[in-house]
DNA sequence: CAAGTTGGGGAAAACGTTTCCCGGATTCTG
DNA sequence: CAGAATCCGGGAAACGTTTTCCCCAACTTG
């Protein structure tokens with residue numbers, strides 16, 4: 001028996017093999033508990049069967065959900081997921097992309113957003129472009145043009161929609177706790193908030209305060225807000241964690257939410273359900289799974305659409321932290 | 001120039017190469033933007049430079065923190081992390097282990113706990129043993145003997161300690177919301193609770209109720225508890241999420257925590273800090289990073305201790321959801 | 001019965017490294 | 001100055017697959 005024969009039956013080639021030989025090979029493979037080396041296989045294949053995902057921090061549930069979406073479809077398709085935390089550093093991103101490129105990943109997914117005017121972004125774009133020339137697929141999952149297919153949501157519209165909701169609840173003076181300074185997603189969400197307020201003729205009532213993306217930022221921002229009366233009618237936070245932080249600070253101070261002030265977030269992570277937070281639901285899992293699906297399908301030759309941008313829809317989720325304004329401030 | 005020469009200067013061999021030649025190689029490599037194939041390198045190395053981590057669900061922050069610990073040291077050591085979600089299914093675990101074995105991972109880390117009397121565990125143990133024979137290191141991070149080095153905490157002691165704390169606060173009737181039925185960690189934490197209650201002479205006051213590991217389970221358990229008065233003096237939950245769920249149900253029902261009832265959890269995840277939950281802090285990040293360190297060091301030949309079990313210490317964290325009992329029930 | 005056809009299987013190349021072995025050139029040593 | 005030691009660089013094997021090319025045997029058909 002030659003190795004070629006074994007390979008033919010084990011890897012399901014179209015080259016005909018007699019039933020007898022096939023059985024012999026199968027028996028031998030079973031006895032030896034043989035499992036082909038994915039490495040050697042990768043050497044002769046266009047890719048290694050690895051799918052990479054670059055997240056800012058896997059501990060952040062936002063990214064964990066995306067990663068879960070990626071891994072689920074990757075695994076189902078027979079791939080293995082590679083994960084790297086890049087802490088929002090473009091340099092690190094470039095480095096990890098390179099590492100995954102060295103493994104001839106079928107594709108790499110960029111889950112994180114970037115900074116506006118980041119001087120290193122051009123280098124990343126160049127790195128992505130070179131990786132793609134080598135046959136490594138890339139997908140961006142954020143408001144960031146990496147010169148590759150992008151699957152994202154309209155963060156402006158999301159912020160706009162939830163602001164509209166707050167406005168429809170008769171809130172006139174609304175504070176927006178921003179995300180981390182300089183991030184594209186921060187800008188987009190702020191833009192959406194501001195645009196909605198403007199359109200509602202409430203530009204005067206719009207008040208942006210610096211924040212971040214974590215609980216502490218929301219807590220601190222709310223504390224600062226309370227230190228400088230009058231309190232706004234509502235607080236929109238850049239994301240759910242910030243909203244929960246703000247909520248916590250407000251309630252700690254004895255302020256009734258939503259009685260005296262409404263609070264809303266963006267993302268609809270688990271924590272939002274738990275505290276009954278009004279928010280806008282983003283299809284994070286779908287973004288991850290779609291990105292992975294794009295990669296495995298395109299790796300299978302079924303060339304999916306190229307550098308197109310797919311915008312997934314968001315959905316307003318009203319819960320208990322927002323209510324119609326009743327006070328006559 | 002021969003490939004061998006290039007390899008020598010690029011991979012830092014001890015074989016001498018003249019400065020002139022070295023410079024030429026370096027220049028050529030720079031011009032070509034050459035980066036060695038990790039795959040080809042893996043073919044001739046004892047391992048591929050990949051480190052695998054098997055988690056139940058990366059969306060669960062418990063595992064996300066572990067994964068983060070793994071990835072941080074793996075990346076620093078020049079490795080790349082592979083991630084797989086196994087949803088607590090031993091079969092899936094076996095399958096993913098096999099996939100990672102096919103990639104000749106330097107090691108695989110089992111982050112999840114198992115079920116008692118799981119009929120498939122012996123198969124997993126066998127699979128681990130075979131993987132180790134092939135030079136693939138394995139580390140277990142839970143109360144589960146996989147025939148490999150184990151880095152874990154003493155869940156019994158953790159539950160015991162926090163129960164002691166509750167008892168020291170004069171709570172006599174304490175309900176314990178259990179983890180998912182059948183899991184080893186569920187059993188251990190329950191054992192610790194029961195033992196502490198017994199030792200305190202409070203066996204009568206110990207009341208175990210079925211639960212799970214998520215917010216909903218805690219919420220539901222608390223609702224059931226309230227439906228069947230009298231309310232216990234305190235509730236200890238199998239983990240933080242359950243505790244937060246219970247907390248939420250209790251407060252929703254207008255019950256004052258910690259005034260009327262104390263609530264405590266286990267794990268000390270971010271959510272525990274946010275709601276001010278008394279809990280016991282588990283060194284999750286350290287478990288992940290230690291496991292990864294064990295793997296990379298042992299892969300470098302510095303043979304770390306073998307199948308020894310390392311037990312990391314936990315720490316009681318008292319916050320605002322527990323207080324001394326004042327009511328005269 | 002001869003020639004063509006087809007089914008089945010083997011040999012070898014290719015993927016890109018690292019490392020072992022060897023030979024030529026240079027330098028040191030006696 | 002001869003021999004030996006040293007220094008450098010090249011050739012080739014090995015890692016484990018898949019795939020292409022080729023060949024042989026058996027069967028079919030005229």
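Every read-out reported here was derived from the displayed coordinates using simple, explicitly stated rules and does not represent laboratory data. Please read all numbers here as calculations on a predicted model, not as lab measurements. Every residue, glycine among them, receives a Cβ derived from its backbone with ideal geometry; neighbour counts consider all protein chains shown.
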Exercise for the section: Find the all-direction average of the projected area of the Cα convex hull for the range B:155-282, expressing the result in square nanometres with one decimal place. Expected result: 6.6
Problem - Within the protein assembly as shown, helix-based [θ] at 222 nm, where runs of 4 or more DSSP H residues each add -39,500 (n - 2.57), nearest 500 - result: -14000 deg cm²/dmol
Fill in the blank from the handout: Helix A:215-227 sits off the longest principal axis of the Cα atoms of chain A, rounded to the nearest 10 on a 0 to 90 degree scale, by 10
Exercise for the section: Enter the mean number of other protein chain beta carbons within 10 Å of the beta carbon of each residue in A:33-44, as an integer. Expected result: 5
Exercise for the section: May I ask what percent, to the nearest 5, of DSSP beta bridges between residues of chain A are antiparallel? Expected result: 10
Practice task
For a quick protection proxy, order the peptides B:162-171, A:97-106, A:200-209, B:314-323 by their average other-Cβ count within 10 Å, most packed first.
Solution key: A:97-106, B:162-171, B:314-323, A:200-209
Completion exercise
Assertion target for A:280, B:223, B:235, ordered by fewest C-beta neighbours within 10 angstrom first, is B:223, A:280, B:235
Practice task
For the range B:155-282, calculate the relative contact order in percent as a whole number, restricting contacts to Cα pairs under 8 Å that are 6 or more residues apart.
Solution key: 25
Handout entry: Label distances, nm, residue A:27 versus same residue in remaining copies, Cβ-directed 7 Å point
Key = 6.3
Problem - Average beta-carbon neighbours from other chains, 10 Å sphere, peptide B:70-82 - result: 4
Practice task
Can you pull a Stokes-Einstein diffusion coefficient for the range A:136-203 at 25 °C (0.890 mPa s), Rh from Kirkwood over Cα pairs, as a whole number of µm²/s?
Solution key: 188
Handout entry: Nearest 10 degrees, 0 to 90: helix A:184-199 Cα axis against chain A principal axis
Key = 40
Exercise for the section: Rank the residues B:268, B:214, B:87 as a footprinting-exposure proxy: fewest other Cβ atoms within 10 Å of their Cβ go first. Expected result: B:87, B:214, B:268
Handout entry: Alpha-carbon radius of gyration plus Dmax, which is the widest Cα pair, for the protein assembly as shown in Å
Key = 27.3, 89
Completion exercise
The simple spin-label model distance between residue B:133 and residue A:326, using points 7 Å out along Cα→Cβ, in nm, is 7.3
Completion exercise
Here the Cα Rg-to-2.2 N^0.38 Å ratio for the range B:1-76 is 1.61
Practice task
Using just the alpha carbons, could you tell me how many Å³ per residue the convex hull of the range A:220-329 encloses?
Solution key: 120
Completion exercise
Distances in nm between the label point of residue B:98 (7 Å along Cα→Cβ) and its equivalents in the other copies, shortest first, are 3.7
Practice task
Take the alpha carbon atoms of the range B:1-25, find their center, do the same for the range B:196-251, and report the distance between the two centers in whole angstrom.
Solution key: 66
Handout entry: Cα→Cβ-extended label distance, 7 Å offset, between residue B:91 and residue A:22, nm
Key = 2.5
Fill in the blank from the handout: In Å, the Kirkwood estimate of hydrodynamic radius for chain B over Cα pairs equals 21.9
Handout entry: Span from the the range A:262-299 Cα centroid across to the the range B:77-96 one, whole angstrom
Key = 23
Fill in the blank from the handout: Least to most buried among A:224, A:144, B:96, by other C-beta atoms within 10 Å and fewest first, runs A:224, A:144, B:96
Handout entry: log10 of Debye I(q)/I(0), alpha-carbon scatterers only, for the range A:41-96 at 0.16, 0.19, 0.26 Å⁻¹
Key = -0.54, -0.71, -1.00
Practice task
For helix B:90-102, report the angle its Cα long axis makes with the longest principal axis of the Cα atoms of chain B; keep it between 0 and 90° and round to the nearest 10°.
Solution key: 20
Practice task
Distances from residue A:133 to the same position in the other copies: list them in nm, one decimal, shortest first, using label points 7 Å from Cα along Cα→Cβ.
Solution key: 4.8
